[in-house]
Amino acid sequence: MPRSGPGGRHLLDVDDLSDDAVEDILRRAASFAAGARPHSSDFADRLIATLFFEPSTRTRLSFEAAAHRLGARVIGFSDAGATSARKGESLEDTIRTIAGYADLLVLRHPEPGSAARAARVSQVPIVNAGDGDHAHPTQALLDLYTLQAERGATRGHSVVLLGDLRHGRTVHSLAVLLTRFGNQVTLVAPPGLEMPAEVIAKCRESGAAPRQTHDLGEAVADADVLYVTRIQKERMDPADYARLSGSYRVDAALLSRASSDLLVLHPLPRVDEIDPAVDDGPGAAYFRQAANGVPVRMAILARILEKN
Ligand code: NCD
C-alpha cells in the first residue's frame, strides 16, 4: 500500500505532507473555525472509524466532533479491552476488517510504527492519532495552526519545547514541522529525557538544527513561545518517573524571566508541570489550542475524504 505523499492518502507523520498541503490544511481550518461548512451532501455518505487502543480525551472527541461537523458519520471504540484484540487478534486483522466497514480509519495505538503497519494492510486511508512514543502529526498541525491563530504567522518564532522530549510523540512531530517552517527551536528536557537523535537529524535536514540546553530560565528569556509537555509516565520505568516527576514547573517565577507576551502552549493533559495560576495570563493558550483541534481535524478529514 503506498504511503500518502503530498496527494494525501495516509497521514502517518508530518513528512507525508508537503508545505503546500500543510498550508492548505491551515487555510481550510481557518475557514471552518470562522463557521464555513461543506455543502450538506458532501460527506453525508462517508463513514469514519475511530480506533483508540490507548486513552484519549481531546484527540478522539475532537476527531469525532470534526467528523460530525462535516456531516459524516462515526463508528469506533475507545476501550480496546472490549474488542477482539483481547482475544488475541492482530492489529493487521483488526484493520483489514474495519477497512471493509469505513472510508477512513483514525488510529491511536501504544506501539511505535503501528500506524505504518496499519497503512500496509488498509484499503482506506489511515490517520495516525498517536503511535506509541513515535509521532502525532495531527497534534503538530493543530499546534502550528494555533501559532498562526494566536500570533498571526507560522514562521519566524523562537520556540522552546520543554519536558519529556524522549517519549513525547507530540514534540517529535512538532519539532520537525516547526523547523520546516523556519522557526528556531530550543529543546529543554530533564537529563535522560532528551530529544531522540533521529528527530534532531530530521530537523537538521529541513532547516536550522535545534539548540539544546538544561537552563530553562535562559531559554525562556529568549523565546516567544513555550510549548510544555508532561512526563510520559506510562512509557517509562516507575523508578525513573518517581525521580524525574516535578523536575520542572512553569509558574510565575519562571514567567517573570520571559517576555510579557510569551505564548504558553501544551498539548494536554497536564499533570503538575504548569501552575494553574498561569492559566489566567493572556499568553496561556492551551485551552484555545485544544479547541483548535476541531477545525484542524475537519480540514484534515475533508482533504483526505475528497481525494479518496
Ligand atoms: C498527547 C498524546 O496523546 O500524545 N495528548 C494529546 O493528544 N493531546 C500528549 C500527552 O499524552 O502527553
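The values are calculated or read from the model by the stated rules, or taken from the named source; none is laboratory data. Not measured: the values here are computed from a predicted model. Every residue, glycine as well, gets a Cβ built from its backbone with ideal geometry; the counts of neighbours run over all protein chains shown. The area values use the complete protein model at the heavy-atom level, side chains included, leaving out ligands, DNA and RNA. Shrake-Rupley method; radii C 1.70, N 1.55, O 1.52, S 1.80 Å.
Kindly provide the set of residues from the range 69-98 that are at pLDDT below 95, at negative phi, surrounded by fewer than 17 Cβ atoms within 10 Å (Cβ to Cβ) and among the small types (Gly, Ala, Ser), ordered by number.
Listed by number, the residues that qualify are 81, 82, 84.
Just the residues that are within 16 Å of the ligand (Cβ to nearest atom) and closer than 27 Å to residue 63 by Cβ, please, taken from the range 266-283.
Correct list: 266, 267, 268, 269, 270, 271, 273, 274.
Determine, yes or no, whether residue 150 is under 30 Å from residue 221 (Cβ atoms) and either in contact with a Pro (Cβ under 8 Å, 6 or more places away or on another chain) or open to solvent by 30 Å² or more (accessible area, probe 1.4 Å) (or both).
Criteria met by residue 150.
Condition first: in contact (Cβ under 8 Å) with a residue 40 or more places away in the chain, farther than 17 Å from residue 143 by Cβ and open to solvent by less than 20 Å² (accessible area, probe 1.4 Å). Now tell me which residues in the range 189-225 satisfy that.
Scanning the range 189-225 gives 190, 193, 217, 219, 220.
Of all residues being in contact (Cβ under 8 Å) with a residue 40 or more places away in the chain, more than 9 Å from the ligand (Cβ to nearest atom) and touching a strand residue (DSSP E or B) at 6+ places or on another chain (Cβ under 8 Å) in the range 228-251, which is most open to solvent (accessible area, probe 1.4 Å)? Just the residue, please.
248
For the range 130-168, what are the residues that are assigned to a loop (DSSP other than H, G, I, E, B) and within 13 Å of the ligand (Cβ to nearest atom)?
Residues of the range 130-168 that are assigned to a loop (DSSP other than H, G, I, E, B), as a first pass: 132-134, 136, 152-157, 163-168.
Of everything in the range 130-168, those that are assigned to a loop (DSSP other than H, G, I, E, B) and within 13 Å of the ligand (Cβ to nearest atom) turn out to be 132, 133, 134, 136, 163, 164, 165, 166, 167, 168.
Could you identify the single residue in 305, 254, 268 that is at pLDDT 95 or above, open to solvent by less than 60 Å² (accessible area, probe 1.4 Å) and outside any helix (DSSP H, G or I)?
268
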